[in-house]
Amino acid sequence: MSGRTIYLLAALAGGAVLPVQVALNTLLRRYVGEPMQVTFISYVAGSVASLAICVFAQYPLPAMAALTQTSWWMWVGGCLGTFYVWSTIFATPQIGATLALALTIAGQMIAALLLDHYGAIGLTRYAASPTRIAGAVFVVLGVSLVAYGKR
């Protein structure tokens, strides 16, 4: 297995668990009520799991000196994750998991294409080549087919 293969498989597995996460959170909403309450529960459970993994793997606490060198906006990732989880819990019961995730993937592709092209937020720069743009267009077209098929 090549060095890159493990990263490709990790990204694929991460994507594969998203529909399960959306389905579980949507089911939990039936019992809890509001999407933001479910989002909170999801993040508490995820935080406990992350802490357990860090303890089990014996990862040391980050150095305070390293943490103080960060900018405030670097901590916004968790807030963006909260918005993502909430949006899927909010939308899925009304539009279905397939369309909710198709739109999520289309949004991810468009944003990622822009972030890569400009090398934004510390990412390595990958030009938005015609092939990469065509790939994103095909994703958006696929979303359109999913949305049209829902009618």
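The values are calculated or read from the model by the stated rules, or taken from the named source; none is laboratory data. Quick caveat: nothing in here was measured; it's all calculated off a predicted structure. Backbone-built Cβ (ideal geometry, glycine too); neighbour counts: all protein chains shown.
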Among the residues that make up the stretch 29-52, is at least one of them within 30 Å of G149 (Cα to Cα), within 21 Å of the chain's Cα centre (by Cα) and of a type in the set (A, V, I, L, M, F, W, C)? yes
Note on Y148: of the conditions (1) of a type outside the set (S, T, N, Q); (2) surrounded by fewer than 12 Cβ atoms within 10 Å (Cβ to Cβ); (3) not in a helix (DSSP H, G or I), unmet is (3)
>> Looking at the stretch 54-75, can you tell me whether even one residue there is of a type in the set (V, I, T), at pLDDT 95 or above and either part of a helix (DSSP H, G or I) or surrounded by fewer than 10 Cβ atoms within 10 Å (Cβ to Cβ) (or both)?
In response: yes
Among T70, T92, the single one that is out of contact with any Leu (no Cβ under 6 Å at 6 or more places or on another chain), among the β-branched types (V, I, T) and within 24 Å of V32 (Cβ to Cβ) is T92
In the stretch 1-28, anything of a type in the set (A, V, I, L, M, F, W, C), exposed (fewer than 13 other Cβ atoms within 10 Å of the Cβ) and within 14 Å of the chain's Cα centre (by Cα) is listed as A10, A11, L12, A13, A16, V17, V20
Restricted to the stretch 101-140 and to residues being polar (S, T, N, Q) and closer than 25 Å to T82 by Cβ, the residue surrounded by the fewest Cβ atoms within 10 Å (Cβ to Cβ) is Q108
Of the residues in the stretch 93-134, those that are in a helix (DSSP H, G or I), closer than 25 Å to V20 by Cβ and small (G, A, S) come to A97, A100, A102, A106, G107, A111, A112
Going through (1) at pLDDT 90 or above; (2) within 16 Å of the chain's Cα centre (by Cα) one by one, T98 fails only at (1)
